[in-house]
1. How large is the convex hull of the Cα atoms of the stretch 6-139 per residue, expressed in Å³ as a whole number?
2. Check cross-link reach from Lys79 to the aspartates and glutamates: straight Cα distance under 18 Å, and skip same-chain residues fewer than eight apart.
3. Calculated FRET efficiency, Asp3 and Gln108, Cβ-Cβ r, R0 22 Å, to nearest 0.05?
4. Starting from the Cα of Ser94, step 7 Å toward the Cβ, then list every residue of the stretch 101-140 with an amide N under 16 Å from that point.
5. Residue by residue, what Karplus-based ³J(HN,Hα) values in Hz, rounded to whole numbers, does the stretch 91-103 have, using 6.51, -1.76 and 1.60 with θ = phi - 60° and x for Gly and Pro?
6. For the chain, what does -39500 (n - 2.57) per DSSP helix run (n ≥ 4), summed and divided by total residues, give at 222 nm, in deg cm²/dmol to the nearest 500?
7. Based on the Cβ-Cβ distance from Met18 to Gln48, what FRET efficiency comes out when R0 is 25 Å, to the nearest 0.05?
8. Report, in listed order, any pair from Lys20/Lys81; Lys47/Lys72; Lys47/Lys68; Lys81/Lys130; Lys20/Lys124; Lys20/Lys68 with a Cα-Cα distance greater than 25 Å.
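Read-outs: derived from the displayed coordinates by stated rules, not from any lab. Since the model is a prediction, treat every value here as computed from it, not as a measurement. Here Cβ is always computed from backbone atoms with ideal geometry, including for glycine, and neighbour counts include all displayed protein chains.
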Amino acid sequence: MLDVNILLIEDNEADVLMTKLMLQQAGLENGISVARDGVEAIEFLSKQNEFSNAITPDLVILDINLPKKNGKEVLDFIKIKMQHSSIPVIMYTSSSLESDQQFCREHQVDLYIIKPTLIEDFDKVINIFKEFISTVANKN
């Protein structure tokens with residue numbers, strides 16, 4: 001089992017449930033903190049308001065399409081404005097736009113994964129999560 005603190009930033013409840021299930025299948029031991037929009041994510045990461053006691057995540061899984069502040073704004077906050085810019089970020093999104101992928105490369109996203117739409121692709125994503133999270137766990 002993997003002992004990694006993850007912040008999942010996702011507004012779609014079905015995607016939250018599916019991602020949690022996939023992470024459990026990848027061997028994640030801990031619970032997962034969830035932020036439902038970009039503002040909440042930034043508050044969590046900067047330990048503001050109701051998140052003053054939040055644990056700094058070992059890994060962030062981030063969607064691009066979020067309300068209030070989009071995933072690009074959150075990524076910019078993590079990688080440029082935050083003191084913990086070394087936190088690995090997986091962009092986990094339905095966007096296959098080259099412009100989104102380019103932005104993420106320029107902002108040092110560690111991994112860009114397009115959400116699977118076919119059932120047979122879920123196993124591939126689970127294995128990608130497992131491999132990446134193992135790497136993060138070994139650094140801790």
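1. Enclosed volume per residue, from the Cα hull, is 105 Å³.
2. Partners found: Asp37, Glu40, Glu43, Asp58, Asp63, Asp100, Glu106, Asp110.
3. 0.35
4. What the label zone holds, given the 16 Å backbone N cut-off, is 113-119.
5. Values, residue by residue: 7, 10, 8, 8, 6, 10, 5, 4, 5, 5, 5, 5, 4 Hz.
6. Result for the chain: -12500 deg cm²/dmol, rounded to the nearest 500.
7. After rounding to 0.05, the efficiency reads 0.30.
8. Over 25 Å Cα-Cα: Lys20/Lys81; Lys81/Lys130.
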